[in-house]
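The values are calculated or read from the model by the stated rules, or taken from the named source; none is laboratory data. Remember, predicted model here, so these are calculated numbers, not experimental data. Reconstructed Cβ throughout: ideal geometry from the backbone, glycine too, with neighbour counts over all protein chains shown. To get the accessible areas, we keep the full protein, side chains included, count just its heavy atoms, and leave off ligands, DNA and RNA. Shrake-Rupley method; radii C 1.70, N 1.55, O 1.52, S 1.80 Å.
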Amino acid sequence: QVQIVESGGGLVQPGGSLRLSCAASTSIFSIYTMGWYRQAPGKQRELVATITSSGSTNYADAVKGRFTISRDNAKNTMYLQMASLKPEDTAVYYCNAAYHTLVYWGQGTQVTVSS
């Protein structure tokens, strides 16, 4: 069982920046494809970005050019650097770790973009 803990959420003004972190309790963190998902009130959970074990990244169109996903395998941690935030980015952001049929989720961290 892998424990996933997200941190870094909060309230930020439109146009601002925020960095989310995702720590995983596994010594084999490097093999997992890691991802960020988000769920806004009344909406389905959606993909934000993923990063594979080899470092390949993928982004949702809505965040391309504004968000950057990265990972530090030595620290068993993944990050999401968010810039030029918009009110529509407001959501609970979830971290996901996946390896074949193994999938783990964190509890989520709230990001609110509002003036």
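Give the residue list of trypsin sites (Lys or Arg not before Pro) in the stretch 16-60 that are DSSP loop and have at most 11 other beta-carbon atoms within 10 angstrom.
K43
The mean accessible area for residues of the chain, using a 1.4 Å probe and ignoring ligands and nucleic acids, is 53 Å² per residue. Applied to the stretch 7-16, the Karplus parametrisation 6.51 cos²θ - 1.76 cosθ + 1.60 on θ = phi - 60° returns per-residue 3J(HN,Hα) values of 7, x, x, x, 9, 9, 7, x, x, x Hz, with x for Gly and Pro. This model, with +1 at the C-beta of Lys and Arg and -1 at the C-beta of Asp and Glu, gives the stretch 1-109 a dipole about its Cα centre of some 60 debye.
Within a straight-line Cα-Cα reach of under 26 Å, K43 can be paired with the following lysines, leaving aside sequence neighbours fewer than 8 residues apart in one chain: K64, K86. Solvent-accessible area of the chain (1.4 angstrom probe, protein heavy atoms only): carbon and sulfur portion equals 48 percent. Here K75 is the anchor, and the aspartates and glutamates within straight C-alpha reach of less than 16 Å, apart from those fewer than 8 places off in the same chain, are E6.
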